[in-house]
Amino acid sequence: MQERHLQMLMAATGDYTGGIDGVFGPLSTAAMHRVEARHRAAYTFDPTTTTDHRRKTACAQACLNQLDHDAGFIDGWNGHNTTEALNAFLFQITNGTDEQIDRDPEQGFTPPGNIPRQRDVGQVYGQPGEQIKSRLTTIQLPFSLKIDWNLRTSTNKIRVHRDCAPQLEAALIAIRQHYGPDEMNRLGIDRYAGAYNHRRMRGGSSWSMHAYGCAIDFYAQPNGLRVRCPQALFCGAEYQPFLDIMEQHEWLPAIRLWGKDAMHFQRARL
Ligand SMILES: [Zn+2]
């Protein structure tokens, strides 16, 4: 998180009136303390006992959430949700409009099985918010995945919709059997980048598939929202078994659905 961006965010929330100069002086610090006081209940940690860098990232997340650019949890870790929320904010203040990201279907892709359409997920899975929350379940894998936005940590628990969980669990176990831990590590397939998340779609106004608990991301940085093949890492030949196994288990790769956002897989077709 650049200090200049944090100053822009704190100016937008009305907490900061100083220069947008990237010099984090007393005015900036006082503004950060105001943001913290207002949003303290939503912080997942105590901002006064962490590093300066993490504290500023958390402050930016609090501002982004307040400005309706969902950054996710206020945890101080600069993951792809925080990055994309900041991108959305910067686009909005630069252009005066929200960025639109088109997701036109890729031609010639036929998903397997009986997978709901995106437009029907509200009927099939439920409404985002309390209803979806009550239908989430936690998969417990027999191995761990690294947390993509904080690689010193790992988890074997993934929270998704109960109607999508058995398929995802089977897919991940099959992927592990295919590649083994060393190859998963080398290829970055073991970098889990988030599943359930109550937020809007990036570059759109409808709910994200993540808000229905039917989406998961892996290794965000080289598989960005706007990046197509062959630039996206997961377009490489070594990754095709990974995509194939996910698809066979009804978790469809976005790079095959709409040709971008290769980090993203969902149990919904277009
Ligand atoms: Zn995603």
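The numbers here are math on the coordinates, done by the rules we state, and not lab data. Please read these numbers as outputs of a predicted model, since none were measured by experiment. Glycine also receives a Cβ, built like all others from the backbone with ideal geometry; neighbour counts cover every protein chain displayed.
On the basis of the beta-carbon distance and an R0 of 22 Å, residue 151 and residue 201 show a calculated FRET efficiency of 0.25.
Its residues counted as N, the chain yields a C-alpha radius of gyration over 2.2 N^0.38 Å of 1.04.
For the pair residue 229 and residue 102 in one chain, pulling the backbone fully straight at 0.36 nm per residue adds 44.2 nm over the alpha carbon distance. Along the stretch 205-222 the Karplus relation, 6.51 cos²θ - 1.76 cosθ + 1.60 evaluated at θ = phi - 60°, assigns HN-Hα couplings of 10, 7, 5, 5, 4, 4, 6, 9, x, 10, 9, 9, 10, 10, 6, 5, 4, x Hz to successive residues, with x for each Gly and Pro. Counting 0.36 nm for each residue step from residue 133 to residue 177 and taking away their Cα separation leaves a gain of 12.8 nm. Using a Förster distance of 22 angstrom, determine the FRET efficiency expected from the C-beta separation of residue 159 and residue 45, and round it to 0.05. The value I calculate is 0.65.
Using θ = phi - 60° in the Karplus curve 6.51 cos²θ - 1.76 cosθ + 1.60, the 3J(HN,Hα) couplings for the stretch 163-178 round to 7, 10, 5, x, 5, 5, 4, 5, 4, 5, 5, 5, 5, 4, 5, 5 Hz; x is entered for Gly and Pro. Here the Debye sum runs over all C-alpha atoms of the stretch 3-95 as equal scatterers in vacuum, and log10 of I(q)/I(0) at q = 0.16, 0.22 Å⁻¹ comes out as -0.56, -1.10. Local charge for residue 101 was computed over the other residues whose Cβ lies under 11 Å away, with Lys and Arg +1 and Asp and Glu -1, and equals -2. Under a 5 Å amide H cut-off, with hydrogens placed 1.01 Å from N, residue 74 pairs with 44 among residues at least 5 apart or on other chains.
Tally Lys and Arg at +1 and Asp and Glu at -1 over the other residues with C-beta under 11 Å from the C-beta of residue 188: what net charge comes out? So the environment of residue 188 carries a net charge of -1. Cut-off 10 angstrom, C-alpha nodes, Gaussian network model of the chain. Which of 93, 189, 175 fluctuates the most? Highest fluctuation of the listed residues: 93. As a ratio to 2.2 N^0.38 Å, the alpha-carbon radius of gyration for the stretch 141-270 is 0.96.
Label-to-label distance, residue 34 versus residue 109, with points set 7 angstrom from Cα along the beta-carbon direction: 4.5 nm. Could you work out how far the C-alpha centroid of the stretch 49-121 sits from that of the stretch 199-270, in angstrom? Each part reduced to its Cα centre gives a spacing of 14 Å.
Computed over neighbours whose Cβ is under 15 Å from that of residue 246, the net charge equals -3, Lys and Arg +1, Asp and Glu -1. For the stretch 124-191, the orientation-averaged shadow of the C-alpha convex hull comes to 5.3 nm² (one quarter of the hull surface).
Karplus-derived 3J(HN,Hα) values for the stretch 80-91, using 6.51 cos²θ - 1.76 cosθ + 1.60 with θ = phi - 60°, are 6, 5, 5, 4, 6, 5, 5, 4, 5, 4, 5, 5 Hz; glycine and proline are entered as x. Structure remark: mean-square fluctuation, Gaussian network model of the chain, C-alpha springs under 10 Å; the largest value among 20, 158, 139 belongs to 20.
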